[in-house]
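Peer 1: I'd like to ask some things about the structure below.
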Amino acid sequence: MSGDYRARITTADRAVEAVRSGHSVYIHNGCAEPTELVQALTRRGPVLRGVQIVHMATFGIADYIRPEYEGHFRHNALFIGGNVRQAVQEGRADYTPVFLSEVEDLFNSGAIPIDVCLLQCTPPDQYGYLCLGVSADVSHSVAQCAKHVIVEINDQMPRTMGDTFLHVSRVDAFIETSHPLAEYPTHPVSELHQAIARHVAPLIPDGATIQTGIGGIPEAVLGLLHDHKDLGIHSEMIPDSAVPLMEAGIINGERKTIHPRKMVAGFMLGTKRLFDFAHNNPMFELRRTAYANDPFVIAQNDRMVALNSAIEVDLTGQVCADSLGHIPYSGIGGQVDFLRGAARSKGGKPVIALPSTAKGGTVSRIVPRLQPGAGVVTSRGDVHYVITEHGVAYLHGKTVRQRAEALIAIADPKFREELEREAVEARILGPERTVVAI
């Protein structure tokens, strides 16, 4: 194995010569982005035409979407990260709305064919296995179906457990590097986030299995769970803020009904603190997102609490989470996968949590109707709990009138009268309606 591996080591610039005009190139997601290979690919850009670059959110560089590379590269975002958002919004890159649980099938079926796959992995072990490290997600499947696989070997990539191993025989070329991983910093937690979290935390019982997204609200919720017992994780991602709860034994997975004592996720988003803690730690079990995000699998976790966010929620319960009106902003991600899984879990709770206002309190995020062109990520039939800093609205099984009443009651007080008037004009509420706080 060693000699065969050594024979395929080359430079980044030589490795990416495998990329030709018209090719489709996949880049390892999240904090696992192979930055040396991405830089080399970008340098090769002037001699290429019509290369499609495909990935979910990455947290490193993305110079290939700069205006001067238009015509050379075009990015297809399966989830829009901050480093490509402007290009998507300006029409220089594309966005494919898709449930995270179904992304792998786009590659496996050939719906999105991949010519060249760029990964970042650990050095091979004595048996010739590389580890995908902090991001298993869809990358394992892409590596199996891509025509050409290039791996950036980084000795600072943590070795993680689960469905994370790839044999050197599947790889066509290697480069060797040593550098810190791209990091996703912890979000600051504001008093607003704390106020929302104080409504969410009581819904999480001892023994619950939790899924959290990213941002200040999930950070705040995790920070309020230090008096809980025997929590578990089954999520598309694991953040830094889970580490203190694991170290304290609060998150231990003892009462999980599937994968007990294992923290199951598709990838990690965090900093070196999380990466170091996960290295060779059998508590972590990274799985392909087709499994980790499968609602049927999620539902097998009793007391599953899924916590997700929204950009706006209309008075019937429709959730927009991926766009600002018609302007793409992020992606569907795992929200629907986990809300549906939690809804079918024994004792499960699907939660949408959001601040009641935006733009410094000048705009309500509880709205009479979604903005024109807004994407409905989560249908009103899937929504159970909606939570703001003003309280909890439970919508499942409620009429449209009851939903409007509950949502107006958790809107910012200065917008409640306007929301009620709009609801009356839309004949959702009767003219005699007076909003009573819930």
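Peer 1: Whose amide H sits under 5 Å from the amide H of HIS167, counting only residues 5 or more places off or on another chain, with H placed in the peptide plane?
Peer 2: Close amide H contacts, sequence-distant or interchain: LEU130.
Peer 1: For the stretch 1-74, what is the charge dipole size about the Cα centre, in debye to the nearest 20, if Lys and Arg each add +1 at the Cβ and Asp and Glu each add -1 at the Cβ?
Peer 2: Magnitude of the dipole: close to 200 debye.
Peer 1: Can I ask one more? Per the Kirkwood treatment, what hydrodynamic radius in Å, one decimal, follows for the stretch 153-228 from the mean inverse distance over all distinct Cα pairs?
Peer 2: 16.0
Peer 1: Same structure again: Using a 1.4 Å probe on the protein heavy atoms only, what accessible surface does LYS349 show? Give it in Å² to the nearest 10.
Peer 2: We get 50 Å² for LYS349.
Peer 1: Tell me the label-point distance for the pair THR399, THR11, using the 7 Å Cα-to-Cβ offset, in nm and rounded to one decimal.
Peer 2: 7.4
Peer 1: Of TYR291, TYR26, TYR127, which has the largest mean-square fluctuation in a 10 Å C-alpha GNM of the chain?
Peer 2: TYR127
Peer 1: Next question, about the same structure. So what's the stretch 215-348 giving for Cα Rg divided by 2.2 N^0.38 Å, two decimals?
Peer 2: 1.08
Peer 1: Taking the Cα centroid of the stretch 224-270 and of the stretch 121-138, what is the distance between the two, rounded to the nearest whole Å?
Peer 2: Going from one Cα centre to the other spans 23 Å.
Peer 1: A further question follows. Which order do SER178, SER364 take by accessible area at a 1.4 Å probe, largest first?
Peer 2: Per-residue accessible area, sorted high to low, gives SER178, SER364.
Peer 1: How many Lys pairs in the chain lie less than 29 angstrom apart by Cα atoms, where the lysines are 8 or more positions apart or on different chains?
Peer 2: Step by step, the pairs that qualify in the chain add up to 15.
Peer 1: Note down the magnitude of the dipole of the chain about its Cα centre, charges +1 on Lys and Arg C-beta and -1 on Asp and Glu C-beta and zero elsewhere, to the nearest 20 debye.
Peer 2: Its charge dipole is roughly 600 debye.
Peer 1: Something else now. So, R0 is 25 Å and r is the distance between the beta-carbons of ARG344 and ALA195; what FRET efficiency does that work out to, to 0.05?
Peer 2: 0.25
Peer 1: Once every Cα of the stretch 1-67 carries one equal point scatterer and solvent is ignored, give the base-10 log of I(q)/I(0) from the Debye formula at q = 0.16, 0.23, 0.27 Å⁻¹, two decimals.
Peer 2: Result of the Debye calculation: -0.58, -1.05, -1.27.
Peer 1: Loop by DSSP (not H, G, I, E, B), at most 14 other beta-carbon atoms within 10 Å: where is the longest site-free stretch of the chain for GluC sites (Glu not before Pro)?
Peer 2: Longest site-free region, per DSSP loop and neighbour criteria: 255-431.
Peer 1: Per the Debye formula with a single identical scatterer at each Cα and no solvent contribution, what log10 I(q)/I(0) holds for the stretch 79-194 at q = 0.22 Å⁻¹?
Peer 2: Calculated log10 I(q)/I(0) at the listed q: -1.29.
Peer 1: Using a 1.4 Å probe over the heavy atoms of the protein chains, calculate the carbon and sulfur portion of the accessible area of the chain as a whole percent.
Peer 2: Carbon and sulfur: 51 percent of the exposed surface of the chain.
Peer 1: Something else: Is the stretch 8-124 rounded, prolate or oblate when judged by the Cα gyration tensor, a ≥ b ≥ c being the square roots of its eigenvalues, rounded requiring a/c under 1.5 and prolate requiring a/b larger than b/c?
Peer 2: Since a/c stays below 1.5, the shape of the stretch 8-124 is classed as rounded.
Peer 1: Let me ask something additional. With the other protein chains left in place, how much accessible area per residue, in square angstrom, belongs to the chain at a 1.4 angstrom probe?
Peer 2: On a per-residue basis, 39 Å².
Peer 1: Let me ask something else about it. Give me, ordered by chain and number, the residues 5 or more places off THR357 or on other chains with an amide H under 5 Å from its own placed amide H.
Peer 2: For THR357, the qualifying residues are ARG365.
Peer 1: By how many nm would the segment from ALA18 to LEU203 lengthen if fully extended, with 0.36 nm per residue of separation less the alpha-carbon distance?
Peer 2: Stretched out fully, the ALA18 to LEU203 stretch lengthens by 61.4 nm.
Peer 1: Zone of GLU102 (label point 7 Å along Cα→Cβ, backbone N under 18 Å): which residues in the stretch 114-146?
Peer 2: Under 18 Å, as judged by backbone N against the label point of GLU102, lie 138 of the stretch 114-146.
Peer 1: Let me understand the stretch 314-438 better: what is its radius of gyration from the alpha carbons, and its Dmax, in angstrom?
Peer 2: Final numbers for Rg and Dmax: 14.2, 41 Å.
Peer 1: Here is a follow-up. At 1.4 Å probe size, what's the solvent-accessible area of SER141? Round to the nearest 10 Å².
Peer 2: Estimated to the nearest 10 Å², SER141 gives 0 Å².
Peer 1: Using a 1.4 Å probe, how large is the accessible area of HIS23, given in Å² and rounded to the nearest 10?
Peer 2: 40
The values are calculated or read from the model by the stated rules, or taken from the named source; none is laboratory data. A quick note: this is a predicted structure, and the numbers were derived from the prediction, not measured. All Cβ positions, even for glycine, are placed from backbone atoms using ideal geometry, and neighbour counts span all protein chains on display. Heavy atoms of the whole protein, side chains included, go into the accessibility calculation; ligands, DNA and RNA do not. Shrake-Rupley method; radii C 1.70, N 1.55, O 1.52, S 1.80 Å.
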